[in-house]
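Presented below is the structure to which this report refers.
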Amino acid sequence: MLNHHRFTDYDPEIEKKVEQLLSQMTLPEKVMQMVQVCPESMAQDDLEKQVRQGVGSILNYYSPAGMNRLQKIALTESRLKIPLILGNDVIHGYRTIFPIPLAWSCSWNLELVQEAAHIAAEEARANGTHWTFAPMVDIARDARWGRIAEGAGEDVFLGEEMAKAQVRGFQSPLRNGRSLVSCPKHYVGYGAAEDGRDYNTTDMSERTLRDVYLPPFKAAFAEGAGTVMSAFNDIGGVPASANSFTLRQVMRDEWHCSSMVVSDWNSVGELIPHGFAADLKEAAKRAVLAGVDMDMMSGAYANHLAELVEEGSVPESILDEAVRRILRLKFQLGLFAEPYVDASEGAREILKPEYLETALALATQSMVLLKNEDRLLPLASDMGKIALIGPLADDHHEILGCWHRIGKDEDTESVLEGLRQVLPDTDIQHVPGCDLTGEMEPDFETAVSAAITADVTVMVLGEGELMSGEAHSRAYLDLPGRQQELLEAVVATGKPVVVVLMSGRPLAVPWLAENVPAILQAWHGGLRTGRAVADLLVGNANPGGKLTTSWPRSVGQVPIYYSHKNTGRPPEGRGTIQFNMQHRTLYVDADHTPLFPFGYGLSYADYSYSDLEVVTPTITADETLIVTAVVSNTSDVAGTEIVQLYVRDLAGEVTRPVKELKGFERVTLQPGESTTVRFEIAAARLGFHGLDNKYKVEPGAFQVWVGPHALAGLEGSFEIQ
Ligand code: GLC
């Protein structure tokens, strides 16, 4: 693929055009360029009036013809004829809907995720969208938080890599030389919401902010992301959408980032309920002084910025900087040269067969085989009858996931349809058994009868798409409604049961994990969920996905993540004897370990790891750690293993995590094949923010592992001098 468009690169020709246009703008015109409105949320005449006044942007608008009408007003009836920029939430697909990002992150396939983002960009741009409010790069370690569905899970390193892959994909060269601009979000720390409730307070050390939550944004900007969205949450008392430390000191002064900052929906207006502004005028002042360039939907800028400048509270130079970033974007996107969209081309561009093939590949690689006792899977091809039970067994909607926007049910294929495609001669009896929420009277009896008369039962259980995503956090992580009862009734038949789980988050399902022999986590897998599940169940495809979040045994363990600190009384240690008792960081009523760890996932193949070699046992801070290991496929099935490398910094000037992912590689191995996997990790990536909150690589002893997941692997050691 050609190099993607780096919106952060300097182009003198564009700068000249920006300055020339800016010099003509009045104060009210500058203010209006910093305003973003949603056509669905306002009267048409008010919308058209704001377009004539030179409003900068619209969002959440999916009509190419409507977009052309508004663009025509902007270009013929406003004074300076500055084109609108249209932003939409193209998070995991436009019309070709891919697995939710938490799912596709489990593929660990950066190229395929990049290609999915590229396809989304082709479909979106061809239909008039210029700007996607993605990738969502919030690190999430709390499964209660609904928006864990939208990101790449708990890990910083994987989060950085997934952020970069999506920026490359969204900003890749498109048909007719066009491009789309990305928008990493939500800047910053949004995933650390207390008690997992969306929009809730976050309060963390600057070190945690710098070591955990900021790095994926820095990676996205380094990859050329042209915009960024400021978040709803307050960070230690200062709301992210008026936080000059994160927006100016970190982004502008330390990172020299030129990307345009758009607030999240009304997050400027929400400075008032935050108790950070007395009124909308003060909210506008605090947000613009802190560094928010464009105000999404609050009205604060439209109603108060001009007055704030005229009274001397806000320097006009701050507006000039913001308007420069907005105009620069519009020139970079070619909107002055090509402001209109060809609606017929847009219709041709969507749902292309090759796009649907990519959606199938990504769905298949995103799904995670969590258990396969006695190799119950893949299903034998000569089965007479399958009982297909559960509220999601023939679902065409929930599988679209929480940010499907204009994705359509009719474009999807259900698990039932997928199984019928791959097992045309098998009798498949479909019984919903219950609904997702428990509102409908369940029919356990029919389900049990179907299971008793079947060779195998496949149950499709889990969450609906609106049980995760924005504003949809959960206090419990079990199967919703009456599904657990349905599950236990079917398992009680003693017949073989396979469970396909669908969710937007890790689920705390210890009974299921204990009592069901085979479990496939399918997430909300997008348009091709049905065929992907079917191919995996019958062995047309070999599962290879691996979890990017730790799965808890109970909600009481949350937040749970592998890259935790060791504490002074680690669970695995001897603890400290006091009052004749061993005191360690444990529960008295539960196992503290995850139900399934970060990086975990099974295959129909078997892999072994051997011959770990630390090629460079001693390195300096500007050298490279080289580690190799041999990975073998000891089975008779070809497969792809996601090999992971973790390190531990044994002692630092601040406490360090017990493990940190620093490398991974997807390795495809034929039956009996072995290969040497070589990792080269720059020592510069092994640092942290020290006592002074400055990034440093500190000399000292390290452990290193190469293995299949966060809790296993061959161990070695090295030293940074
Ligand atoms: C929403 C979300 C944000 C989205 C924006 C525009 O509230 O927080 O992720 O991009 O508004 O729809």
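The values are calculated or read from the model by the stated rules, or taken from the named source; none is laboratory data. All values derive from a computational prediction rather than experimental measurement. Quick reminder, even Gly has a Cβ in these numbers, built from the backbone with ideal geometry, and neighbours come from all protein chains shown. Accessible surface areas use protein heavy atoms only, side chains included; no ligands, DNA or RNA. Shrake-Rupley method; radii C 1.70, N 1.55, O 1.52, S 1.80 Å.
Taking SER468 as the residue in question, decide whether it is at pLDDT 95 or above and touching an Asp or Glu at 6+ places or on another chain (Cβ under 7 Å).
No, not satisfied.
Out of (1) in a loop (DSSP other than H, G, I, E, B); (2) under 30 Å from ALA359 (Cβ atoms); (3) in contact with a strand residue (DSSP E or B) (Cβ under 9 Å, 6 or more places away or on another chain), the odd one out for ASP435 is which?
Looking at each condition in turn, ASP435 falls short on (3).
Name the residue that is farthest from HIS5 (Cα to Cα), counting only residues in region 229-266 that are part of a strand (DSSP E or B) and open to solvent by less than 10 Å² (accessible area, probe 1.4 Å).
It comes out as PRO239.
Output the number of the condition that PHE133 fails; it satisfies all remaining conditions of (1) at negative phi; (2) more than 16 Å from the ligand (Cβ to nearest atom).
(2)
Can ARG95 be described as in contact with an Asp or Glu (Cβ under 9 Å, 6 or more places away or on another chain), within 16 Å of ARG528 (Cα to Cα) and open to solvent by 10 Å² or more (accessible area, probe 1.4 Å)?
yes
Could you name every one of the strands (runs of 3 or more DSSP E) located completely within region 562-672 that has at least 2 residues being of a type in the set (Phe, Trp, Tyr)?
607-614
So which of GLY291, GLY224, GLY312, GLY269 is closer than 20 Å to TYR199 by Cα and surrounded by fewer than 24 Cβ atoms within 10 Å (Cβ to Cβ)?
GLY269
Tell me whether region 109-116 contains one or more residues that are within 16 Å of the ligand (Cβ to nearest atom), in contact with a helix residue (DSSP H, G or I) (Cβ under 8 Å, 6 or more places away or on another chain) and under 30 Å from PHE336 (Cβ atoms).
No, every residue in region 109-116 fails to be within 16 Å of the ligand (Cβ to nearest atom), in contact with a helix residue (DSSP H, G or I) (Cβ under 8 Å, 6 or more places away or on another chain) and under 30 Å from PHE336 (Cβ atoms).
For residues that are part of a helix (DSSP H, G or I) and either out of contact with any Ser or Thr (no Cβ under 9 Å at 6 or more places or on another chain) or not aliphatic (A, V, I, L, M) (or both), tally how many sit in region 391-403.
1
Inspect all residues belonging to region 631-647 and state whether any of them is in contact (Cβ under 8 Å) with a residue 40 or more places away in the chain and over 32 Å from the mean Cα position of the chain (by Cα).
No.
Name the residues in region 633-653 that are exposed (fewer than 15 other Cβ atoms within 10 Å of the Cβ) and touching a helix residue (DSSP H, G or I) at 6+ places or on another chain (Cβ under 9 Å), would you?
none
If we keep just the residues of region 177-221 that are more than 15 Å from the ligand (Cβ to nearest atom) and at positive phi, which is surrounded by the most Cβ atoms within 10 Å (Cβ to Cβ)?
Selected residue: GLY196.
Aliphatic (A, V, I, L, M), open to solvent by 10 Å² or more (accessible area, probe 1.4 Å) and away from the ligand (no atom under 13 Å from the Cβ): is that true of LEU102 in this structure?
No; evaluated as a whole, the condition is false for this residue.
Would you check if there is a residue in region 478-486 being in contact with a Leu (Cβ under 9 Å, 6 or more places away or on another chain), part of a loop (DSSP other than H, G, I, E, B), farther than 27 Å from LEU400 by Cβ and touching a residue at least 40 places away in the same chain (Cβ under 8 Å)?
No, every residue in region 478-486 fails to be in contact with a Leu (Cβ under 9 Å, 6 or more places away or on another chain), part of a loop (DSSP other than H, G, I, E, B), farther than 27 Å from LEU400 by Cβ and touching a residue at least 40 places away in the same chain (Cβ under 8 Å).
Out of region 693-714, which residues are part of a loop (DSSP other than H, G, I, E, B) and either exposed (fewer than 15 other Cβ atoms within 10 Å of the Cβ) or polar (S, T, N, Q) (or both)?
Of everything in region 693-714, those that are part of a loop (DSSP other than H, G, I, E, B) and either exposed (fewer than 15 other Cβ atoms within 10 Å of the Cβ) or polar (S, T, N, Q) (or both) turn out to be ASN693, LYS694, PRO699.
Residue by residue through region 294-309, note down the ones that are open to solvent by 10 Å² or more (accessible area, probe 1.4 Å), among the small types (Gly, Ala, Ser) and in a helix (DSSP H, G or I).
Passing the criteria: ALA302, ALA306.
Pairs only if they're at least six apart or on different chains, beta carbon under 6 angstrom, first in region 74-93 and closer than 20 Å to ASP264 by Cα and among the charged types (D, E, K, R), second open to solvent by 20 Å² or more (accessible area, probe 1.4 Å) and away from the ligand (no atom under 16 Å from the Cβ); list them, first residue then second.
none
Pick from region 81-92 the residues that are open to solvent by 10 Å² or more (accessible area, probe 1.4 Å) and within 19 Å of MET260 (Cα to Cα): which of them is nearest to the ligand (Cβ to nearest atom)?
ASP89
If I filter region 538-565 down to residues being closer than 30 Å to MET383 by Cβ and out of contact with any helix residue (DSSP H, G or I) (no Cβ under 7 Å at 6 or more places or on another chain), which single residue comes out as surrounded by the most Cβ atoms within 10 Å (Cβ to Cβ)?
Going through the qualifying residues, I end up with TRP551.
I need the full set of residues from region 457-478 which are open to solvent by 10 Å² or more (accessible area, probe 1.4 Å), aliphatic (A, V, I, L, M) and more than 16 Å from the ligand (Cβ to nearest atom), in order please.
Hits for region 457-478 are MET467, ALA475.
Can you tell me which residue in region 139-169 is farthest from the ligand (Cβ to nearest atom), limited to those that are closer than 25 Å to GLU122 by Cα and small (Gly, Ala, Ser)?
ALA165
Hey, could you check region 15-34 for residues that are open to solvent by 60 Å² or more (accessible area, probe 1.4 Å) and of a type in the set (D, E, K, R) and say which is farthest from the ligand (Cβ to nearest atom)?
LYS16
What's the number of the only condition in (1) away from the ligand (no atom under 16 Å from the Cβ); (2) closer than 22 Å to LEU333 by Cβ; (3) hydrophobic (A, V, I, L, M, F, W, C) that VAL37 fails to meet?
(1)
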